[in-house]
Amino acid sequence: MPSIQINDTTIHYLRTGVAGGPRLLLSHSLFFDLSMFEPLIELLKDRFEIVAYDHRGQGASGRKGALDMDNLTRDAAALIAALDFGPCQVAGNSMGGFVALRLAARYPHLVAGCIVMGSSADLEHKLAAFEPLVEDLARNGPADHIDTLMHIMFGDDIFSDPAREPLLAHWRSKMLDLDTGIGAAARGVIHRQSVLPEIALLEVPLLVLAGEQDHAYSIELSQQIVDTSGHGDMYVIPGAGHSVALEAPEAVAQRIGDFAEA
């Protein structure tokens with residue numbers, strides 16, 4: 001897969017799907033990489049031209065530079081411009097949703113629609129709980145916290161379904177392979193600023209998807225995005241947890257397809 005130099009870093013990305021079709025940018029969660037979207041891409045690649053990418057500080061992208069949400073948003077805007085990919089639908093899960101909302105508010109000329117999954121527009125409500133975890137990730141890596149991370153990132157149903165065991169084993173292994181640098185990326189996530197004042201002025205079409213079993217961000221935080229923006233739709237995805245795009249790709253693909261057509 002290719003990479004590109006933008007905003008003083010290297011961004012690793014995948015471009016696939018129908019050339020000339022509706023454009024869709026996929027922005028991944030903390031602790032993941034662009035491969036979290038593989039099931040979703042498989043469902044949408046015959047309808048959309050798709051770019052998925054690794055955020056600075058994660059996956060195969062560069063590690064240097066600030067990892068706050070504002071800089072990650074600048075990376076995404078620079079990627080869209082460099083690939084001549086705008087205006088596009090921007091879909092982000094969790095951390096990717098933080099980026100998607102900032103893109104839609106600050107670079108509306110690049111964004112045809114904003115799709116937010118398992119995310120929030122507010123500051124971190126669980127900072128006191130998350131901060132010790134994040135600081136230990138930065139010192140020691142994820143090994144001592146892998147069960148906690150898996151609980152945060154996935155809903156209850158997926159753990160009780162034998163058919164999903166390979167998926168869970170894959171991502172458990174991937175998270176265990178993360179080094180202490182993931183702490184800096186996580187620090188950028190939990191110390192983000194609220195963008196509620198910015199999305200109160202949002203004019204970009206908006207779709208918000210919440211996992212019914214999300215252990216990180218409540219359904220109320222998803223509804224807050226729609227309520228604050230004054231437009232858009234919010235749907236709860238049954239049986240899904242925080243990693244909505246990965247846990248329920250069929251339901252997400254249907255919602256994205258309907259949203260883009262509308």
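Bear in mind these aren't lab numbers, they're just calculated from the coordinates by the rules spelled out. Keep in mind it's a predicted model, so treat the numbers as computed, not measured. Cβ atoms come from the backbone with ideal geometry, glycine included; neighbour counts cover every protein chain shown.
Charge tally for P22 (other residues, Cβ to Cβ under 10 Å; Lys, Arg +1; Asp, Glu -1): 0. Return the whole-Å distance between the Cα centroid of region 35-55 and the Cα centroid of region 83-161. Region 35-55 and region 83-161 have Cα centres spaced 17 Å from each other.
Could you tell me the calculated FRET efficiency between D136 and Q223, based on Cβ-Cβ distance and R0 = 22 angstrom, to the nearest 0.05? Step by step, r from the Cβ atoms, then E = 0.10.
Can you list, bin by bin at 5 Å, the percent of alpha carbon pairs in the chain, starting at 0? All Cα pairs, binned at 5 Å, distribute as 1, 6, 14, 19, 21, 19, 12, 5, 1, 0 percent. Subtracting the Cα-Cα distance of H215 and A60 from their residue separation scaled by 0.36 nm leaves 53.1 nm. The convex hull defined by the C-alpha atoms of region 1-40 has an orientation-averaged projected area of 3.8 nm². Backbone geometry of region 30-46 corresponds, through the Karplus equation with coefficients 6.51, -1.76 and 1.60 at θ = phi - 60°, to 3J(HN,Hα) couplings of 4, 6, 10, 8, 4, 5, 4, 9, 4, x, 5, 4, 4, 7, 10, 5, 8 Hz, x marking Gly and Pro. On full extension, the segment bounded by D147 and D122 gains 6.4 nm, given 0.36 nm per residue less the C-alpha separation. Normalised by residue count, region 96-223 yields a Cα convex hull volume of 124 Å³ per residue.
One equal scatterer on each Cα of region 14-66, no solvent, Debye formula: the resulting log10 I(q)/I(0) at q = 0.16, 0.21, 0.22, 0.23 Å⁻¹ is -0.47, -0.71, -0.76, -0.81. Between Q5 and D177, the modelled labels are 2.7 nm apart [label points 7 Å from Cα along Cα→Cβ]. Residues whose amide H falls under 5 Å from that of I6, counting only those 5 or more places apart or on a different chain, are I11, with hydrogens built in the peptide plane.
Label-to-label distance, R164 versus E261, with points set 7 angstrom from Cα along the beta-carbon direction: 2.7 nm.
The alpha carbons of region 82-169 occupy a box of 43, 34, 25 Å along the principal axes, longest dimension given first.
With N the number of residues in region 163-243, Rg(Cα) / (2.2 N^0.38 Å) evaluates to 1.37.
Region 1-120 gives an Rg/Rh value of 0.92, both radii derived from C-alpha positions and Rh following Kirkwood. Amide H contacts of C88: V111, A112, G113, each under 5 Å away and 5 or more positions distant or on a separate chain (H built 1.01 Å from N in the peptide plane; Pro and chain starts excluded).
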